[in-house]
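The values are calculated or read from the model by the stated rules, or taken from the named source; none is laboratory data. These numbers were taken from a predicted model, which means no experiment stands behind them. Just so you know, the surface numbers come from the protein's heavy atoms only, side chains and all, with ligands and any DNA or RNA stripped out. Shrake-Rupley method; radii C 1.70, N 1.55, O 1.52, S 1.80 Å.
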Amino acid sequence: MNSRNWAMNVVLLASTVGMIALTGTGQAQSLQGEALVKALRQGGYVIVMRHTSSPREAPNKEAANADNIKLERQLDEVGRSTATAMGKALRGLKIPIGDVLASPTYRALETVRFAQLSNPRTYAELGDNGQSMQGGTAAQAAWLQKKVTEFPTGANTLIVTHAPNLTGAFHELASDVADGEALVFGPDGKGGATLVSRIKIEDWPRMPIMQ
């Protein structure tokens, strides 16, 4: 076996092992309502979301935002408003967000900006490889699987990426992931991650405000 094939097999094996750990413990989404808000307030979770609503086609120069100089896909009105509402809800619910990791695409960074989340760090592994809905590789899936096991202390990590990256990493756990939908991962007690909740973008402002 040559070195290239060996490296590819290692990536695929890592992806498969990570998937077994995630799907094996992640089917039960155990947190919702007040219990979910209370848990997120304490921090220690990784929230992985798809960017908010964006037309499937990139705009022409006349329709593009002034700063969208590469003419990438950008958020539509729904995407901008739901990202804004999510950010407002996070602050109102007193849910602390620490590190923000994002795809380098324009629409992902717009999601972060409208949510008023500060200092995002971009990673090519979260990107779409310039292929929009066809992006995502086995290596990217393995990278994201590892990231959701890196739990912070006292805050929550937020990751903004794309549908192919989510389904590539988490398969049925991310089935039919909607625009702006988030998967919340917590520790499984065995060094891995378990899915504890899925949150639609429109559900953030509906969460119960607690004293």
For segment 164-211, which whole-number percentage of the solvent-accessible area (1.4 Å probe, protein heavy atoms only) is attributable to carbon and sulfur atoms?
51 percent
Mean 1/r over all different Cα pairs, inverted: what Kirkwood radius does segment 122-211 give, in Å?
14.1 Å
Can you spot the aspartates and glutamates whose alpha carbon is less than 14 Å from LYS88's alpha carbon? Ignore those fewer than 8 places along the same chain.
GLU202, ASP203
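Of all the accessible heavy-atom surface of segment 45-160, with the other protein chains kept in place and a 1.4 Å probe, what percent is carbon and sulfur? Spell out each step's value before the answer.
Values: 2890 of 5520 Å².
Heavy-atom surface of segment 45-160 belonging to carbon and sulfur, 1.4 Å probe: 52 percent.
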Straight-line reach only, C-alpha to C-alpha below 29 angstrom: list the lysines that LYS61 could link to, leaving out same-chain residues fewer than 8 apart.
LYS70
Cα-based Rg of segment 52-200 per 2.2 N^0.38 Å, rounded to two decimals?
1.03
Cross-link candidates for LYS147: which lysines have Cα within less than 22 Å, leaving aside residues fewer than 8 places away along the same chain?
LYS190, LYS200
Counting heavy atoms of the protein chains only and a 1.4 Å probe, report the per residue accessible area for segment 74-211 as a whole number of Å².
43 Å²
